[in-house]
Amino acid sequence: MTETTPVTPDTQETAGSASFHASSIGATLRAAREQKGLSVIDIHARLRISERQIHALETDDFSLLPEPTITRGFIRNYAKFLEIDAEPLLATYRAQMPSEEHKNISIPSANIPITQSRTTDWKKYIYASALVLLGAGIWLLYDENLIPKIPDLHLNSSSSEVSPGNEESLPQAALPAAERESAATQMPAQGEAFALPPEQTKDQASAASLAEPQAPATAIPATPPAAQPVPAVPGATTAPASTNADSTSSSVALHKVRLVFTEDSWVSIVDRHGKEIFNKTKRAGSEDAVEGEPPLKVTIGNAAGSQLIYDDKPVDTAPYNRLNVVRITLE
Amino acid sequence: MFGLLNSYFSNDLAIDLGTANTLIYVRGRGIVLDEPSVVAIRQEGGPAGKKTMLAVGLEAKRMLGRAPANITAIRPMKDGVIADFTITEQMLKYFIRKIHESRLFSPNPRIIICVPVGSTQVERRAIRESAIGAGARQVYLIEEPMAAAIGADMPVAEATGSMVVDIGGGTTEVGVISLGGIVYAKSERVGGDKFDQAIIDYIRRNYGMQISEPTAELIKKKIGSAFPGSEVLEMEVTGRNLAEGLPRKFTISSNEILEALTEPLNSIVGAVKSALEQTPPELGADIAEKGMVLTGGGALLRDLDRLLVEETGLPVIVAEDPLTCVARGSGRALEEMDKLGNVFASE
């Protein structure tokens, strides 16, 4: 750039009055052409440079000419045709136009991305994967928390004799089950071993059956020698008895449990072998009876709305009532 | 991390792997190597013996046509593409080592390499593979008309048409370039080699003399011309008389050489004309204004520009230093590699 400054006034001067400067490119070319007796048309016919461009060359008006690399070529060709040395002319030209040496070879870009479909596609994938992850998470939670209860319910329904009212009241059956669950978890905290028997009977139905009688025996006063059931027994003998003479024929005498419901309730009875012999949801005002080998583990949901009669003797369930669920073992 | 280390230890290269000459441009240093693409191979111990490279480049070129039976001087490039893959790879490896001489670590450069516009996928792949085989970390291909136009300092990135005719050793590439891309390109497998071959054939036919390729090249450079000029040049040539089988001297004139070159020159003119026919009119107007630029060694053939002026009616300019245009153009692409994307050719 520093080299250009002394030259620029010179350029303007020559552009204005080319003929006065013998050293200027245009003047040199023109002089050489005239000396050879050639016209601009002759030059055009030979070099195919347009007459307009030849005039521009001869008047040093480089703004009318193409980019420097082409203009230099024109000067070279012109000088070669006129048989004069092109080098001094080119040197002059380079001095006049030094800054335009290197053309940009990369296109200047506004860099505005066209991203119509691309981004939405990505979003779609992101949403889809998030949805899948969410689903997987829910399934895992469900798997951990709910699955253990479902076999419980299924077991209950399958082991009971299916009564017409049984299926439709399944959702209600879940409620006491849940209560039972929460009650069971509370109990160990209170230091009682009572919670264990129902858990075991549920999960390890047959395996634990032998150990069961002892477990409640140590923990609960309601064992055969204890007086607990006995005071309840003489209270009422009103319940109508359905006879079961056949039961005596088996090795262990069958005992009869009768249940009278004043409110909707749920009952589960497990016999000596750990088999659930009774599991039903009962409507208010109904009653039911079942026979089984003692000890019978009876669980009654909504205990306030039910009455338990064992071998025709009403049983006082109040001491065994926890959160409106009664768990009692009848010997 | 590793790439950074690599780029520190090895300079990026731009290679004009030509049929006649190989030029290597090193980033930041310019053209550092310009050697003929010739390899001399010595066969040791009979036809089944080990082969070794005796010489590469200028030394090997001196052996062309002068070697004994167990030495063969090979030109591994033919018609702008690889004719002998292994030798090309070895030659490239040798050249790359040569320019990295003083380095402690083995060079592992990024390489821009020129390919003819008319080369097939297989030929391009071969060129790429040979560069990788010679130790390139990454290979970029650039089409020769593009490199030539950049090297001739034409406004390739502007919205104006530029026409370049690159006459190399093996191929003639005609390209019309605008907005950083090739609008039209045509590659004709005619070049300096075909000129030499045409001279050899002409002399055998008309004089009954056999001359070698180097002699033909010398004739072309000294008195060859593409257009009948005012003065007739003459040259004394030595060849082998086919009838007698003895070396004989004879004199040949530039007009005869012009006659010999008619056929290859016509195919160049044909390629240029067909490019002009295929060029969109808007770009054609730009080209009529500026003319076409000749690059490559073929542009040095006397009055070739004159021939094209007469044939096309357009101004024709011979680029400054036409022999190195392609190498300089690829070099510039190399310098601005990180800014460019669309200049490089896909496979």
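The values are calculated or read from the model by the stated rules, or taken from the named source; none is laboratory data. Fair warning: this is a prediction, and the values are worked out from it, not measured in the lab. Quick reminder, even Gly has a Cβ in these numbers, built from the backbone with ideal geometry, and neighbours come from all protein chains shown. Protein only, heavy atoms only, side chains kept; ligands, DNA and RNA dropped before computing areas. Shrake-Rupley method; radii C 1.70, N 1.55, O 1.52, S 1.80 Å.
Scan the range B:294-308 for residues that are part of a helix (DSSP H, G or I), touching a helix residue (DSSP H, G or I) at 6+ places or on another chain (Cβ under 7 Å) and within 11 Å of another protein chain (Cβ to nearest Cβ) and the total you get is 1. Among the residues examined, B:Ile268 qualifies as under 24 Å from the mean Cα position of the chain (by Cα) and over 19 Å from A:Pro66 (Cα atoms). Within the range A:29-46, can you find the residues that are open to solvent by less than 20 Å² (accessible area, probe 1.4 Å) and either closer than 15 Å to B:Val309 by Cβ or within 14 Å of chain B (Cβ to nearest Cβ) (or both)? Within the range A:29-46, A:Ile43 is the sole residue that qualifies. Looking across the range A:58-72 at every residue that is within 12 Å of chain B (Cβ to nearest Cβ) and more than 13 Å from B:Ala288 (Cα to Cα), the one that is nearest to the chain's Cα centre (by Cα) is identified as A:Glu67. In the range A:256-314, counting only strands (runs of 3 or more DSSP E) that sit wholly within it, the ones holding 3 or more residues that are over 14 Å from A:Thr329 (Cβ atoms) span A:265-270, A:276-282, A:287-292, A:306-310. Filter the range B:163-188 down to residues that are over 13 Å from B:Ala319 (Cα atoms) and either over 11 Å from the mean Cα position of the chain (by Cα) or assigned to a strand (DSSP E or B) (or both), then give me how many there are. So the count comes out to 17. When B:Ala152, B:Ala185, B:Ala157 are checked against the criterion of being more than 11 Å from chain A (Cβ to nearest Cβ) and at pLDDT below 95, a single residue qualifies: B:Ala185. For B:Ser267, only one of the following conditions fails: (1) open to solvent by 10 Å² or more (accessible area, probe 1.4 Å); (2) hydroxyl-bearing (Ser, Thr, Tyr); (3) within 12 Å of chain A (Cβ to nearest Cβ). What is its number? Every listed condition holds for B:Ser267 apart from (3). Listed here are the helices (runs of 4 or more DSSP H) enclosed by the range A:1-116 that have at least 1 residues being within 19 Å of B:Ile317 (Cα to Cα) and modelled with pLDDT of 75 or more: A:25-36, A:40-47, A:51-58, A:68-81, A:87-96.
How many of the residues in the range B:316-343 are in a loop (DSSP other than H, G, I, E, B) and out of contact with any strand residue (DSSP E or B) (no Cβ under 8 Å at 6 or more places or on another chain)? Before you say what the answer is, go through the steps one by one.
Our first condition is that a residue be in a loop (DSSP other than H, G, I, E, B); within the range B:316-343, this holds for B:319-321, B:336-343.
Now drop any that are not out of contact with any strand residue (DSSP E or B) (no Cβ under 8 Å at 6 or more places or on another chain), which leaves B:320-321, B:336, B:338-341.
So the count comes out to 7.
Take the conditions in a strand (DSSP E or B) and either closer than 24 Å to B:Ala152 by Cα or open to solvent by less than 10 Å² (accessible area, probe 1.4 Å) (or both) and apply them to B:Val272. Does it pass? Considered against the rule, which asks whether it is in a strand (DSSP E or B) and either closer than 24 Å to B:Ala152 by Cα or open to solvent by less than 10 Å² (accessible area, probe 1.4 Å) (or both), B:Val272 comes out as no.
Every test in (1) open to solvent by 40 Å² or more (accessible area, probe 1.4 Å); (2) among the basic types (Lys, Arg); (3) over 18 Å from the mean Cα position of the chain (by Cα) is passed by B:Lys290 save one, and that test is (1).
Can you work out which of the residues in the range B:136-156 that are in a strand (DSSP E or B) and open to solvent by 10 Å² or more (accessible area, probe 1.4 Å) is nearest to B:Val115 (Cα to Cα)? Filtering the range B:136-156 for residues that are in a strand (DSSP E or B) and open to solvent by 10 Å² or more (accessible area, probe 1.4 Å), the one nearest to B:Val115 (Cα to Cα) comes out as B:Glu143. Could you grab me the full set of residues in the range B:310-321 that are open to solvent by 10 Å² or more (accessible area, probe 1.4 Å), farther than 17 Å from B:Gly192 by Cβ and within 10 Å of chain A (Cβ to nearest Cβ)? Listed by number, the residues that qualify are B:Glu310, B:Thr312, B:Gly313, B:Leu314, B:Glu320. Of the residues contained in the range B:198-215, one or more are found to be within 20 Å of the chain's Cα centre (by Cα), surrounded by 14 or more Cβ atoms within 10 Å (Cβ to Cβ), in a helix (DSSP H, G or I) and among the small types (Gly, Ala, Ser). Of the set (1) without any contact (Cβ under 8 Å) to a residue 60 or more places away in the chain; (2) crowded, with 20+ Cβ neighbours inside 10 Å; (3) within 14 Å of chain A (Cβ to nearest Cβ), all apply to B:Val164 but (1). When the range A:270-304 is filtered for residues that are among the aliphatic types (A, V, I, L, M) and within 13 Å of A:Val325 (Cα to Cα), the ones remaining, listed by number, are A:Val298, A:Ile300, A:Ala303, A:Ala304.
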